[in-house]
Amino acid sequence: MIRRRVSKTIYVGDVPVGGESPITVQSMTKTDTRDVKATVNQIRELEDIGCDIIRPAVPDMEAALALKEIVKRVRIPVIADIHFHYQLALEAIEAGVDGLRLNPGNIRDREKVELVVKAAKQREIPIRIGVNFGSLPPVGQIGKFGGLRRHTDGVNKLAKVGEITDGQPTVVDHMVATALWEIGILEDMDFDLIKISLKAFDVPTTVEAYRKLAYMVPYPMHLGITEAGTSKAGSIRSAVGLGYLLYEGIGDTIRVSLSADSKEEIVAGYEILKSLNLREKGTTLVACPSCGRADIDVIKLANTVDTLLQEKSYNVKVAVMGCEVNGPGEAKDADIGIAAGVGRAVIFRKGEKTRVVEESEMLAALMEEVEKVALSQSETA
């Protein structure tokens, strides 16, 4: 059993984050926030597949003003993603958002930060500090408010994980120092509704940054690998990085950042959590990779079953195996499964054979058994 890091519980709307709360899965909208209809439609699609928290970008005042209508028309908490402009943060709070993604160090004037913090405190909404490798303060400039030039900052010259350091600060050290500075700004203003993220594209850098900071502060951690990539590569990269941290007990909410439809981020997020037994959401498919013993097209069968299962909301584990010799034993933890042989298939529950069907009937028989298991679960719930 994974022993999770002890962290402060905060609330994003009515969704708890941190402490012993379930690890939440979130995403960003990829619409123009100023287009209320398109943004609301996308959020509703994400709600339907289990998104817990959503974050629209707020690049200008028109987008900030649009949040008021967006918040009214969706069910899940909305976090406003804001970077340099305190007025946008104030307008977003006034619009009724449930949280901010805002680095106080990016705002030039401390008094302006205080205005945002005061408004957030009055509404009891949290602020996430997002430390990203691509937007760190220049080396030697941590502690200076705003107005700092990026891209010529010396950060890329710092040693990464595994490189020789000669006793000099590393990228990880710089990320953690930046996070502590940003946290200190809010704490000095008596504000502690804080979440933290420390993201990079490089997985070892991300993992080590989170590990180093995790036990230095009590706040919940938002996990992610930034700019992870396209659907396939990005999901794998995120699974490696997030999976490593989650297995160590670090992480309270996650986003899988993909250059893909936001729905794919939610699916990938839940698969990562399900793989570690940290959340249950929908069906889980166990499938053999196929080999020379397989007498049917296991790959086709597994993908067909996967498509059908995605339409279900049952918390059922289903196994698809290519032979009836090892199939039941290898998938004995599945609630229901199928092992196909020459012209026939064996249906089993928890590794025990329950019926044998003709090959032409195996898909329908499997889905029939899935329905029975789901019904049985609902009756005993």
Within the range 5-102, the percent of DSSP beta bridges that are antiparallel, given to the nearest 5, stands at 25
The range 10-275, Kirkwood Rh and Cα Rg, ratio Rg/Rh at 0.94
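I need the peptides 57-63, 194-200 ranked by packing, meaning the mean over residues of other C-beta atoms within 10 angstrom, with the highest value on top.
194-200, 57-63
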Taking alpha-carbon centroids only, the range 1-18 lies from the range 248-299 a number of Å equal to 22
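Under the 0.36 nm per residue contour assumption, what length would be gained going from the current alpha-carbon distance of Lys8 and Val240 to full extension?
Stretched out fully, the Lys8 to Val240 stretch lengthens by 81.0 nm.
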Relative contact order in percent for the chain (Cα pairs under 8 Å, 6+ apart) equals 13
Ser360 and Asp333 label points (each 7 Å along its Cα→Cβ direction) are spaced in nm at 3.8
Quick calc, Lys30 & Ser376: beta-carbon distance into FRET formula, R0 45 Å, rounding 0.05, result 0.70
Expressed as a whole-number percentage, the relative contact order of the range 201-352 with C-alpha contacts under 8 angstrom and at least six residues apart is 15
Whole-Hz Karplus couplings 3J(HN,Hα) for the range 43-57, θ = phi - 60° and coefficients 6.51, -1.76, 1.60, Gly and Pro as x, run 4, 5, 4, 6, 4, 5, 9, x, 4, 8, 9, 10, 9, x, 6
Per the rule of 0.36 nm per residue minus the C-alpha distance, extending Met216 to Glu69 adds in nm 49.0 nm
So, with points 7 Å from each Cα along the Cβ direction, the Lys350-Gln310 label distance in nm works out to 3.1
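Ranked highest first by average number of other Cβ atoms within 10 Å, how do 106-114, 154-162 line up?
Numbers: 106-114: 17.0, 154-162: 14.4.
For the peptides 106-114, 154-162, the packing ranking is 106-114, 154-162.
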With +1 on the Cβ of every Lys and Arg and -1 on the Cβ of every Asp and Glu, the dipole magnitude of the chain about its Cα centre, in debye rounded to the nearest 20, is 580
Asp297 and Val342 label points (each 7 Å along its Cα→Cβ direction) are spaced in nm at 2.1
When the chain is treated as a Gaussian network with springs between alpha carbons less than 10 Å apart, the largest mean-square fluctuation among Met28, Met189, Met221 is found at Met189
Given a Förster distance of 25 Å, the FRET efficiency implied by the Cβ-Cβ spacing of Ile142 and Thr165, rounded to the nearest 0.05, works out to 0.90
Counting only DSSP beta bridges with both partners in the chain, the antiparallel fraction in percent, to the nearest 5, comes to 30
The set of residues whose placed amide H lies less than 5 Å from the amide H of Leu285, leaving out same-chain residues fewer than 5 positions away, is Val318
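A short reminder: the numbers here are calculations on the coordinates, not readings from a lab. Only a predicted model underlies this, so the values are computations on that prediction, with no experimental measurement involved. All Cβ positions, even for glycine, are placed from backbone atoms using ideal geometry, and neighbour counts span all protein chains on display.
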